[in-house]
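Comments concern the structure below.
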Amino acid sequence: MTTTTALSDITLKTIQGEQKALKDYLGNVLLIVNVASYCGYTSQYRGLEALNQKYRDRGLRILGFPCNDFGNQEPDSLEKIEQFCTNIYGVSFEMFEKLHAKGVDQHPLYAYLTKAVQPSVEVSWNFEKFLVSRQGEVVGHFRSSVTPDSSQLVSAIEAELAKA
């Protein structure tokens, strides 16, 4: 695996199969989340979409990455995942292709995220959240139990959005 020197060096595919470079998001605050359709935390989609609606105009971009690494809780096709997210939770934030957040096949995005946050972490379950500054620096990591409406996460998002 090649070493990524900056988050902006990473290019991904959207859930529709289009290439998307993370450098295109510079200037926005990112909340990167590994998601799954059959998880006890799946209802967090609702809270993530609420954050998207509340803060999108201020520069927050939520990026969802389906991941089947934890308990086989995202086994479906991308088409089925997209339909589920849209029809059940009204998700309008950006969704991407499935990737691995851990293990020998860990995607370079997650290799970067887990090493960039201090102290470094391993993703241990679905719906873990990484907060990225407008400059592309990882500034926070939130475990699955930290809900999208938690004061801890909302305060961190608002603090990043307040920075120029």
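What follows is calculated from the coordinates using simple rules that are stated; it is not laboratory data. Predicted, not measured: the structure shown is a model, and the values here were computed from it. Note that each Cβ is placed from the backbone with ideal geometry, even for glycine, and that neighbours are counted across all protein chains shown.
Observations on the model:
- Rounded to the nearest 5, the antiparallel percentage of DSSP beta bridges internal to the chain is 55%.
- Sum of side-chain charges, Cys85 neighbourhood, beta-carbon under 12 Å (Lys, Arg +1; Asp, Glu -1): -4
- Given (1) 2, 9, 20, 24, 23, 16, 6, 1, 0; (2) 2, 9, 17, 21, 21, 16, 9, 4, 1, 0, 0; (3) 1, 9, 16, 18, 18, 15, 11, 6, 3, 1, 0, 0, 0, the label whose value is P(r) over Cα pairs in 5 Å bins from 0, in percent derived from this model: (1)
- Within a Gaussian network of the chain (alpha carbon springs, distance under 10 Å), most fluctuating of Val132, Val35, Val154: Val154
- The value for the stretch 1-73 of Rg(Cα) / (2.2 N^0.38 Å) is 1.23.
- Where N is the number of residues in the stretch 107-164, Cα Rg divided by 2.2 N^0.38 Å: 1.11
- Set the Cα radius of gyration of the stretch 48-143 against 2.2 N^0.38 Å, with N its number of residues, and you get 1.11.
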